[in-house]
Each structure stands twice: as C-alpha cells, then as structure tokens.
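Just so it is clear, none of the values below were taken in a lab; they were calculated from the coordinates. Please read these numbers as outputs of a predicted model, since none were measured by experiment. All Cβ positions, glycine included, derive from the backbone under ideal geometry; neighbour counts span all protein chains shown.
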Amino acid sequence: MTPPETDLIGTNANGASSPAVLLRSPPTVLTQRRDFQRTARGKRVAMPGFVLQMLKRPDGDAAGIRIGYTCSKKVGNAVARNRAKRRLREVARAILPVLGKDGHDYVLIGRNTATAALPYHQLLADMEKALSILHGSRK
C-alpha cells in the first residue's frame, strides 16, 4: 500500500489551493496552582452542571485564552471525576474558541453528579449562557 501524495494536501477537487482558516489557536491549559487561585478571585457564575470562573489577565499577558478544569472529591471517585472533566473539556473545546475572549483565564469546576448526568446539549447551552453573563451581554 502506498501512502497518499503529500503534495495534494490542502487542495480541493479542482486542484485549487484552499488554505484552512483557523479562527483562534486552541486554549492553553492552566496547570499552576497560582493561576487557579488568581482566577478564583475573578468573576464567577454557577450553572446546573458546573461553575465557571473568569479573570481578565493584565494587559501585558493578553495572548490567547487559558482554561483550567477541576473536580473535587465531592464529585465522586477518580473515575467519576475524570468523566466529569472529560465532559467539561469537550464543552470548552466546542464553545470557548467561538465565544471566549483573548486575554482571559477560565476555570470550569465540576459539580457533584450533575456534570456527568446532564445531557451534553444542556452543558453546551449552559456554557454559552455562562459566558454571555460573564462578558456582560446578558444579566
């Protein structure tokens, strides 16, 4: 079996070049405890499936969106916490590149039984509503 021709990548059926347009780079994941603590001092909104915290970073560090995920032991054992965080990652991956703002840090906190139990479309709707509340377009 021969590999596909690499010179055809990025072309359409007519052979014309069609560069992929990326609106925004994917969010950087927060890993440092101090970043989570700093974001906790910002705005927050509680939704049925999660809590979303947001903080606008100082002007000197305004490149891109950063996101963190956390679930306490109240959510359940390791399997339940990891399932909840996977769902939060998917919601953030789908919504933040479109509705998130550059220069902001976001932290998604999983809720006991609700994060894993709610339907995915409900989590997406809650994420859109939470971002609109935090960014001030809806009260």
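If the reach is capped at under 20 angstrom between alpha carbons, list the lysines near residue 56, excluding any in the same chain fewer than eight residues apart.
Partners found: 43, 101, 129, 139.
Using θ = phi - 60° and the Karplus relation 6.51 cos²θ - 1.76 cosθ + 1.60, list the HN-Hα couplings for the range 31-40 in order, rounded to whole Hz, with x at every Gly or Pro.
Going residue by residue, I get 10, 8, 4, 5, 5, 5, 5, 5, 5, 5 Hz, with x marking Gly and Pro.
Using modelled amide H (1.01 Å from N, peptide plane; none on Pro or chain starts), what sits under 5 Å from the amide H of residue 68, excluding residues fewer than 5 places away?
HN-HN under 5 Å from residue 68: 30, 106, 107, 108.
Cross-link partners among lysines for residue 73, C-alpha distance below 22 Å, same-chain residues fewer than 8 apart left out?
Partners within reach: 85.
What's the ranking of 116-124, 28-36, 48-56 by average number of surrounding C-beta atoms within 10 Å, highest first?
48-56, 116-124, 28-36
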